[in-house]
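The values are calculated or read from the model by the stated rules, or taken from the named source; none is laboratory data. Being a predicted model, the structure only gives us computed values, none of them experimental. Cβ placement follows ideal geometry from the backbone for every residue including glycine, while neighbour counts extend to all protein chains displayed. To get the accessible areas, we keep the full protein, side chains included, count just its heavy atoms, and leave off ligands, DNA and RNA. Shrake-Rupley method; radii C 1.70, N 1.55, O 1.52, S 1.80 Å.
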Amino acid sequence: MTRTELVVGVGARPGVTADEVLQLILEALGAAGSAASDVVEVATLDTRADEPGITGAAARLGVPVRSFPAAVLAAVRVPNPSGAPRDAVGTPSVAEAAALVGADELLVPKRKSASATCAVARRLPSVGTPASTNGAEPFTMAAMLPPTKHTKHIDSAGPDLRHHGDAEVRGLDLTDLAVNVRTGTPPDWLRERIAASLGSLAAYPDGRPARAAVAARHGLPEERVLLTAGAAEAFVLIARALPARRPVVVHPQFTEPEAALRAAGHEVGRVLLRPEDGFRLDPSAVPEDADLVVVGNPTNPTSVLHPAGVLEQLARPGRTLVVDEAFMDAVPGEREALCGREDVPGLVVLRSLTKTWGLAGLRIGYAVADPATLALLQEAQPLWPVSSPALAAAEACMEPRALVEAADAADRVVVDRAHLLAGLAEFSEVQVVEPAAGPFVLLQVDRADEVRERLRSRGFAARRGDTFPGLGSDWLRLAVRDRVTTNRFLQALDLALQGLPRRAAG
């Protein structure tokens, strides 16, 4: 039987107490005939996310606080609008809008106390199969979204976690700024090594040499390395093989970890980092009882590099800490890397050879963790999960000359990224998340969906941001390219922004 998942939306005045908020929530849950254990998150306005009364009530429920900008909440149609919150923050009901952004069906309309409002919404257990409502249509998030020409393909109101940048360019003749794979790769010497492995395809793959090479590259014993068919396979193995009662994913980040966890039947909590904080992580935002935490470093799509010391604060006995370092080799000196560390409890570090070496089609990556954890992951793998050509590539990419080339490429990313950022700074319409540390940058621009379509008409593909939890339709991610390509893109962006109507405030 599928457990009921409830999202509680809360609006509050400054200074509200945790006791008042919690009491209001419990009354609303009672009206729904639900228990506090059914609540998976408390949702609110981003300017109220740090309100002690809200965070305190959420802590006592043992759930995270999820926050949304006023513009996101203002776009949600609510059944019980009020003039006061509309005038104050632009949405006619913070509680109902916040609850419905994170769920599907409103169970308890807005309830009020002296200083707070509360509403309860439920996540439907399966798309297209709503629970019985005695013949009445449920008030759902999907019903509140503005219609689009692609409505029949929309399965739920949440972000499409399976959307990836390759969808922006597949089959089209566009300059690719949507996929974060280094251009001009794989290099000739790596192609030759891969081609040489084809003569052994009649034999079953032997991963021992590649595993030894990866271990030596990080100064680790071989039993702390597991080769995988890309980092994506590692996320699936983690979701299926590791025990997790309360997994939490730190967003915005690569969506595949959450997609894999949900596909494996887990109820996934989210910690949403905020743009006004530069998307930097506060370890205290992660619930204490989270027993599996996933975070990217540097994070895709924000390009934020979290200090290793901050990530270490997330580690504790009884918790698995998964750090996705798929882009760490694009950071000069791999500063802030945790790969190679054996003293952090519960640490699992994932690496990919896809980005720097242009091997997305070959599927090769690896996980680094304690032997007991890797044994669980390996048991969930099929036999011979990594092909002989992929193993040959992994071994080659660990050699000294490859490491030198990767380091040189990381240095070039710094220079090319600085050129892109300088060009973007010339546009008053564009706000960039800085400092950026990865081979991509995240930017916010009014009506980004229209800008992206205009860029496509001028030959450039940019990655949409609205499929990342915590972002909206006014975000784009751009891969860092060489100066010539960047100059061409900046010219196209200048044309794309001309004459574009601005969003209405509020």
Rounded, prolate or oblate (a/c below 1.5 giving rounded, otherwise prolate when a/b exceeds b/c) for the range 438-506 by Cα gyration tensor: oblate
From phi via Karplus (6.51, -1.76, 1.60), per-residue ³J(HN,Hα) for the range 303-313 in Hz, x at Gly/Pro: 6, 7, 9, 7, x, 4, x, 5, 5, 4, 5
Cα-based convex hull, the range 203-321, per residue volume (Å³, whole number): 133 Å³
Accessible-area composition of the chain, carbon plus sulfur, in percent [1.4 Å probe]: 52 percent
Å² of accessible area per residue within the chain, as computed with a 1.4 Å probe and no ligands counted: 43 Å²
Cβ-Cβ FRET estimate between E399 and Q498, R0 fixed at 51 Å, reported to 0.05: 0.55
Sites L172 and E379 - FRET efficiency at Förster radius 56 Å, r taken between beta-carbons, to 0.05: 0.85
Space enclosed by the convex hull of the alpha-carbon atoms of the range 1-83, per residue, Å³: 116 Å³
Largest to smallest principal axis extent of the C-alpha atoms in the range 157-256, angstrom: 48, 45, 29
Alpha carbon centroid spacing (whole Å) that separates the range 1-67 from the range 300-347: 30 Å
Charge context of T485, other residues only, Cβ under 14 angstrom, K/R +1, D/E -1: +4
Pair W189, A425: separation of 7 Å Cα→Cβ label points (nm): 3.6 nm
Prolate/oblate/rounded call for the range 353-423, Cα gyration tensor, a/c under 1.5 rounded: prolate
Coil-residue GluC sites (Glu not before Pro) of the range 187-245, DSSP, other Cβ within 10 Å capped at 15: none
Three-way shape call for the range 288-409 based on the alpha-carbon gyration tensor, with the a/c threshold at 1.5: oblate
In nm, spacing of pseudo-spin labels at E342 and R483 (7 Å Cα→C-beta vector): 4.5 nm
Sites V415 and T47 - FRET efficiency at Förster radius 56 Å, r taken between beta-carbons, to 0.05: 0.90
Distance between the range 403-436 and the range 209-254 - C-alpha centres, whole angstrom: 28 Å
Label-zone membership for the range 54-70, site A36, 7 angstrom Cα→C-beta point, backbone N under 16 Å: 54-65
Rough spin-label spacing in nm, given labels placed 7 Å along Cα→Cβ, for E453 and L220: 4.6 nm
For the range 253-309, the fraction of alpha-carbon pairs in successive 5 Å shells from zero, as %: 4, 16, 27, 26, 18, 7, 1
For the chain: span of alpha carbons on each principal axis (Å, largest first): 71, 55, 43
Highest-first arrangement of 100-110, 258-268, where packing means the average Cβ count within 10 Å: 100-110, 258-268
Antiparallel content of DSSP bridges confined to the chain, in %, to 5: 55 percent
Dimensions (Å) - the range 42-89, Cα atoms, principal axes, largest first: 31, 18, 16
